[in-house]
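Below: one structure, written as structure tokens.
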Amino acid sequence: MSAGIGDAIPQATFKTMSDDGPANITTDEIFKGKTVVLIGVPGAFTPTCHNNHLPGFLEHLDSFKAKGVDEIAIVSVNDVWVMGEWAKASRGQGKILYLSDGSAEFAKAAGLDADLSIAGMGVRLKRFSMLVEDGVIKQLNTGDAPGHAEISGAATLLEQL
């Protein structure tokens, strides 16, 4: 069953790249007492994720902050090293928190996993955007067709704030 509006964000421990190398970060550390936008993508560096989905959130970072968002985080079923390099390549390092869900534990716990084996990608996250306030999901946008990022895009979530 998928997580939905009004549900608590599933407990998970992600990996993120710090100045000292890979580090653990929990959902409580990310969401407790904060308003956070969480973006889920099937894969770092994939064309839709890299060229269409993530750029809108970077472009509208100040608009999200002006509407009370404390942090924007992006999660993918990629390893922490890939996510660290994606942060640099996308020019989002230090602006957005890049989270690795390398074993798809969060994806499965949230019911937002997708089997993309047919495309050679294995288990990944569905494309989504969500607004989480103090650990509770307030908005959840999924349902984009492959290759598209409108429903889960920055403009849609901004309109919902």
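Scanning the stretch 73-110 for residues that are aliphatic (A, V, I, L, M) and under 13 Å from the mean Cα position of the chain (by Cα) yields 73, 74, 75, 77, 83, 87, 96, 97, 99, 104, 107, 110. Within the stretch 134-153, the set of residues being surrounded by 17 or more Cβ atoms within 10 Å (Cβ to Cβ) and among the acidic types (Asp, Glu) comprises 144 only.
Within the stretch 112-140, being in contact (Cβ under 8 Å) with a residue 12 or more places away in the chain, in contact with a Lys or Arg (Cβ under 9 Å, 6 or more places away or on another chain) and assigned to a strand (DSSP E or B) holds for 113, 114, 123, 130, 131, 132, 133. One residue stands out in the stretch 49-72 among those that are of a type in the set (A, V, I, L, M) and closer than 22 Å to residue 146 by Cα: the one that is nearest to the chain's Cα centre (by Cα), namely 54.
For the structure I just gave you, tell me whether residue 107 is under 19 Å from residue 28 (Cβ atoms), of a type outside the set (Asp, Glu) and crowded, with 16+ Cβ neighbours inside 10 Å. Taking the combined requirement at face value, the residue satisfies it. Counting the residues of the stretch 29-45 that are outside any loop (DSSP other than H, G, I, E, B) and either touching a Cys at 6+ places or on another chain (Cβ under 7 Å) or not aromatic (Phe, Trp, Tyr) (or both) gives 9. On the stretch given as the stretch 19-38, residues that are out of contact with any strand residue (DSSP E or B) (no Cβ under 7 Å at 6 or more places or on another chain) and under 26 Å from residue 63 (Cα atoms) total 5. Inspect the stretch 72-95 for any residue being among the charged types (D, E, K, R), over 16 Å from residue 55 (Cα atoms) and in a loop (DSSP other than H, G, I, E, B) and give the result as yes or no. Within the stretch 72-95, one or more residues are among the charged types (D, E, K, R), over 16 Å from residue 55 (Cα atoms) and in a loop (DSSP other than H, G, I, E, B).
Inclusion of residue 100 among residues that are polar (S, T, N, Q) and within 30 Å of residue 63 (Cα to Cα) is warranted.
From the list 43, 68, the one residue that fits, being farther than 14 Å from residue 154 by Cβ, out of contact with any Gly (no Cβ under 8 Å at 6 or more places or on another chain) and surrounded by fewer than 17 Cβ atoms within 10 Å (Cβ to Cβ), is 68. Going through (1) surrounded by fewer than 18 Cβ atoms within 10 Å (Cβ to Cβ); (2) under 15 Å from the mean Cα position of the chain (by Cα); (3) within 15 Å of residue 37 (Cα to Cα) one by one, residue 131 falls short only on (1).
Residue by residue, here is whether (1) under 20 Å from residue 153 (Cα atoms); (2) of a type in the set (Val, Ile, Thr); (3) touching a strand residue (DSSP E or B) at 6+ places or on another chain (Cβ under 8 Å) holds:
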residue: 8; (1), (2), (3): no, no, yes
residue: 11; (1), (2), (3): no, no, yes
residue: 49; (1), (2), (3): yes, no, yes
residue: 56; (1), (2), (3): yes, no, no
residue: 64; (1), (2), (3): yes, no, yes
residue: 74; (1), (2), (3): yes, yes, yes
residue: 81; (1), (2), (3): no, no, yes
residue: 118; (1), (2), (3): no, yes, no
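The numbers here are math on the coordinates, done by the rules we state, and not lab data. Note that this is a predicted model, so its numbers are computed, not measured. Note: ideal-geometry Cβ built from the backbone for every residue, glycine included; neighbour counts use all protein chains shown.
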